[in-house]
């Protein structure tokens, strides 16, 4: 696979920030989406402890909805993990657990999308998202 960049920056090309989504390997012994979770990268950082460097990411988790792909779309559906106080469930993970970038699409539902909504708000504005396995052949092999 080619080299891939995961972005977590507060400004991108003199514009608004860019915070990518990723496939996080949670069970390497399981094939397909059952071995991965989706997360939204908020910060990339590293620290040293006792001489060892630890590259990490601060992420917001998404949970799978159901145990199979959506019947109509053929894609897995995920939702943001939200705590009781309304804040996202966050974790710090090692960069080795990031498998690759993920592309997610909002589940729009039956209501109109507000005209004031910008692309920078789309990952925070919806209750559910499709994991787009059709974005490239690598994603297609993962999200079956």
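We did not get these values from a lab; they are worked out from the coordinates using the rules stated. Values in this document were obtained by computation on a predicted structure and should not be read as measured data. Methodologically, a virtual Cβ is constructed for each residue, glycine included, from the backbone with ideal geometry; neighbour enumeration extends over all protein chains shown.
Just one of the listed residues (27, 70) is assigned to a loop (DSSP other than H, G, I, E, B), touching a helix residue (DSSP H, G or I) at 6+ places or on another chain (Cβ under 6 Å) and either surrounded by fewer than 17 Cβ atoms within 10 Å (Cβ to Cβ) or free of Cβ contacts under 8 Å to residues at least 40 places away in the same chain (or both), namely 27. Residues in region 32-67 that are without any contact (Cβ under 8 Å) to a residue 60 or more places away in the chain and in a loop (DSSP other than H, G, I, E, B): 50, 51, 66, 67. Taken over region 117-132, the criterion of being over 10 Å from residue 106 (Cβ atoms), touching a residue at least 60 places away in the same chain (Cβ under 8 Å) and within 12 Å of the chain's Cα centre (by Cα) is satisfied by 131 alone. Screening region 81-95 for residues that are touching a strand residue (DSSP E or B) at 6+ places or on another chain (Cβ under 8 Å) and either without any contact (Cβ under 8 Å) to a residue 24 or more places away in the chain or not in a strand (DSSP E or B) (or both) and picking the one that is farthest from residue 138 (Cα to Cα) gives 82.
Note on region 107-144: residues that are under 12 Å from residue 76 (Cα atoms) and either surrounded by 14 or more Cβ atoms within 10 Å (Cβ to Cβ) or in contact with a strand residue (DSSP E or B) (Cβ under 8 Å, 6 or more places away or on another chain) (or both) amount to 11. May I ask you to list the residues in region 1-24 that are exposed (fewer than 13 other Cβ atoms within 10 Å of the Cβ) and part of a loop (DSSP other than H, G, I, E, B)? Hits for region 1-24 are 1, 2, 3, 4, 5, 7, 13, 14. If you filter region 30-43 down to residues that are touching a strand residue (DSSP E or B) at 6+ places or on another chain (Cβ under 8 Å) and surrounded by fewer than 17 Cβ atoms within 10 Å (Cβ to Cβ), you find that the one that is nearest to residue 141 (Cα to Cα) is 35.
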